[in-house]
Amino acid sequence: MLDTLLEASADRHGVFLWNVVSLVAAGLGERALASTGFSARRTIVEATKLASVLYACLWLTAGSVVVIEQRGWHHEGAVSLYVVGLLTVLLAWSQGRQRLAGVVGLASTVVVALVVARRPDLLLTVSVVQPIVPAVGYLLMAIAPTRERPSTVALAALVVLVLVSVIVGASTGGFGQFIVLASASIAGLAVFTVQPRLAIAVAIIWTAIGIELIAFASAQPGPSKPLVMAAPAVLVATAARARVIRRRAI
């Protein structure tokens, strides 16, 4: 394809570069248009599933750090079992086995709920009701699975991100989860115009965190209020995006 563009450009590098940019822009436009073909309901359902996968990465990061730092701890076996469950969830999801990922995820969520009930400081800073959101996503995977598989690039990036977050988290104490969530947020914004699911998934997590911060804040919950608006704001932006893309396609 590049050879064809170069030939059509008559060896003029400026024209060749413009043709390449135009080709990439056209491809992204087609992908963006294709994404608007999904109903709002399906988009939200798939984004909720993706939010549960991101939560699995968050909990995997936190659980791995706990296992590394708490050798000999009497709850180490439960946390290790939970980490294995999360790895199974991610592996099944990567292979398009959503029902298996959902069932294992639900079982793992019960484990984390029990651990968090005993020691809420072990995983996310505010994690008393955090398992509720991924549980919804796992349930949707179990009852309404699809065979969709993530791209190889996205999967490789996720693996690298989790590994880096575990290494950093083991030396900084809890900062690994923030790396995962911040990186996913940046990636979601970067691909929003082409595919909004990741942005919606991350926004769901930020909203859940905001709600819990407000619910359990001892005083002055004001700074947490913008987090609560993350999911509604991204959903509104997604609807506006779909409307703009459809108008341009007419």
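The values are calculated or read from the model by the stated rules, or taken from the named source; none is laboratory data. Owing to the predicted nature of the structure, the values given are computational and were not obtained by experimental measurement. All Cβ positions, glycine included, derive from the backbone under ideal geometry; neighbour counts span all protein chains shown.
I'm checking my understanding of the structure. Among residues of segment 104-145 that are among the β-branched types (V, I, T) and within 14 Å of L86 (Cα to Cα), which one is modelled with the highest pLDDT?
To start, the set of residues in segment 104-145 that are among the β-branched types (V, I, T) comprises 104, 109-112, 115-116, 125-126, 128-129, 132-133, 136, 143.
Restricting the remaining residues to those that are within 14 Å of L86 (Cα to Cα) gives 104, 109-112.
Numbers: V104: 93, T109: 80, V110: 78, V111: 71, V112: 67.
Only one residue tops the list, namely V104.
Please identify the pairs in which a residue from segment 133-145 that is under 18 Å from C57 (Cβ atoms) has its Cβ atom under 6 Å from the Cβ atom of a residue that is charged (D, E, K, R), counting only partners at least 6 apart or on another chain.
Taking only residues 6 or more apart or on different chains, the pairs are G137/K49; L140/K49; M141/K49.
So, in segment 206-245, how many residues would count as being basic (K, R) and at pLDDT below 70? Steps first, answer last, please.
The first filter runs over segment 206-245 and keeps only residues basic (K, R), leaving 225, 241, 243.
Filter again for at pLDDT below 70, leaving none.
The total comes to 0.
Does segment 186-194 contain at least one residue that is of a type in the set (A, V, I, L, M), modelled with pLDDT under 90 and not in a helix (DSSP H, G or I)?
Within segment 186-194, one or more residues are of a type in the set (A, V, I, L, M), modelled with pLDDT under 90 and not in a helix (DSSP H, G or I).
Sort out which residues of segment 185-213 are surrounded by 22 or more Cβ atoms within 10 Å (Cβ to Cβ) and among the small types (G, A, S), and write them in order of number.
Listed by number, the residues that qualify are G188, A199, A201, A203, A208.
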